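K.L.:
Okay, here's the structure, questions in a sec.
The values are calculated or read from the model by the stated rules, or taken from the named source; none is laboratory data. None of these values were measured; they are calculated from a predicted model. Glycine gets a Cβ as well: all are built from the backbone with ideal geometry, and neighbour counts include every protein chain shown.
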Amino acid sequence: MKNSLKNLRIADLELFITAARLKNLGKAAEIHHLSQSAASTAIKRVETAFEKPLCTHERRQFSLTPEGKLFLPRAELWLSSLQETALPSEPEPLRLATTHAIARVAISALLPIQLIDLTLIRPDLAYGAVLKDEADLALVLDNAPWKGVEVAEIGKGKYQLYSSQKDVPYGPVLLPEDQMEVLSLQEQWKEVHSSPIPIKARIPSWSLIADICSTSKEIGFLPDFLAQKASLYPVSWQPAPSPYRMLALYRKTSDPFHKKLQVLIRKLRSAF
């Protein structure tokens, strides 16, 4: 066993853990920016290092053998211990991954109590960053299944059309890209108005839509936390709002971080 461990790579072990959590080697390869063949080779290196068959190497599903199921929690504990050992004595910033829109509210709530290393990133990539241990915490809206991570709800709200005017007349709107909530709005619009929603522009940033609406008479589709920050009003002629949940994603970790995490989550809940 001693000689077999000399070629073990920490990155290979991280890939194995991600694949085991997701039960899918292809998705794990994407998250770790590897080809399918490179990921398969990495998994074989882990098995060679520990001289045990850890998975079944099925194409469609990454299944652990009985040895693999015993090995997984030990591998996670070993990596966690290694990371803690490597930590310097100086306080480390919280590696936070989220969108620009969510950061506008979250950062002001967390900065008084926590150093922040912020990455502005799409929700799916923020999720991947937590899985790869490139982020300690991801803040996302609940529009996808999040496997392999712990989830804490920090707030609820709704998407609506907003304007800086209280009684803005019917008109074309600013929409972001076709995410689930946008597609839902378009379907509801057809039911209520018997015609497609009039779109003035597609703007891929929630924050930019909020900024435009707050300084003009434009109408934009936004989550309520951002609309409230921009002092906007919901329009009266729109369909029923679409609900969302605000979630914090993180990995199981050591007790010291878990205790700190509970404080951060309480602060975020008060902000949202």
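K.L.:
Tell me which residues, restricted to region 133-145, are surrounded by fewer than 19 Cβ atoms within 10 Å (Cβ to Cβ) and touching a helix residue (DSSP H, G or I) at 6+ places or on another chain (Cβ under 6 Å).
P.N.:
Hit for region 133-145 is Asn143, nothing else.
K.L.:
Exactly one condition in (1) modelled with pLDDT under 85; (2) surrounded by fewer than 17 Cβ atoms within 10 Å (Cβ to Cβ); (3) charged (D, E, K, R) is not met by Lys44; state its number.
P.N.:
(1)
K.L.:
While we're on this one: Of the residues Leu175, Leu208, which single one is touching a helix residue (DSSP H, G or I) at 6+ places or on another chain (Cβ under 8 Å), in the same structural domain as Ile265 (by TED's automatic domain parsing) and surrounded by 15 or more Cβ atoms within 10 Å (Cβ to Cβ)?
P.N.:
On the way: Leu208 fails: touching a helix residue (DSSP H, G or I) at 6+ places or on another chain (Cβ under 8 Å).
None of the other options fit; the residue is Leu175.
K.L.:
Sticking with this one: In this structure, does Leu264 turn out to be in contact (Cβ under 8 Å) with a residue 24 or more places away in the chain and surrounded by 12 or more Cβ atoms within 10 Å (Cβ to Cβ)?
P.N.:
On the way: in contact (Cβ under 8 Å) with a residue 24 or more places away in the chain: yes; surrounded by 12 or more Cβ atoms within 10 Å (Cβ to Cβ): yes.
Considered against the rule, which asks whether it is in contact (Cβ under 8 Å) with a residue 24 or more places away in the chain and surrounded by 12 or more Cβ atoms within 10 Å (Cβ to Cβ), Leu264 comes out as yes.
K.L.:
Any residue in region 157-164 that is exposed (fewer than 14 other Cβ atoms within 10 Å of the Cβ) and within 29 Å of Ala201 (Cα to Cα)? Give the steps one after another, and end with the answer.
P.N.:
Kept after step one, since they are exposed (fewer than 14 other Cβ atoms within 10 Å of the Cβ), are these residues of region 157-164: none.
No, that holds for no residue.
Residues are listed down the side, and each one gets a yes or a no for (1) surrounded by 12 or more Cβ atoms within 10 Å (Cβ to Cβ); (2) more than 19 Å from Glu177 (Cβ to Cβ); (3) of a type outside the set (Gly, Ala, Ser):
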{"residue": "Cys213", "(1), (2), (3)": "yes, no, yes"}
{"residue": "Ile219", "(1), (2), (3)": "yes, no, yes"}
{"residue": "Ser231", "(1), (2), (3)": "no, yes, no"}
{"residue": "Ser242", "(1), (2), (3)": "yes, no, no"}
{"residue": "Leu247", "(1), (2), (3)": "yes, yes, yes"}
{"residue": "Arg269", "(1), (2), (3)": "yes, yes, yes"}
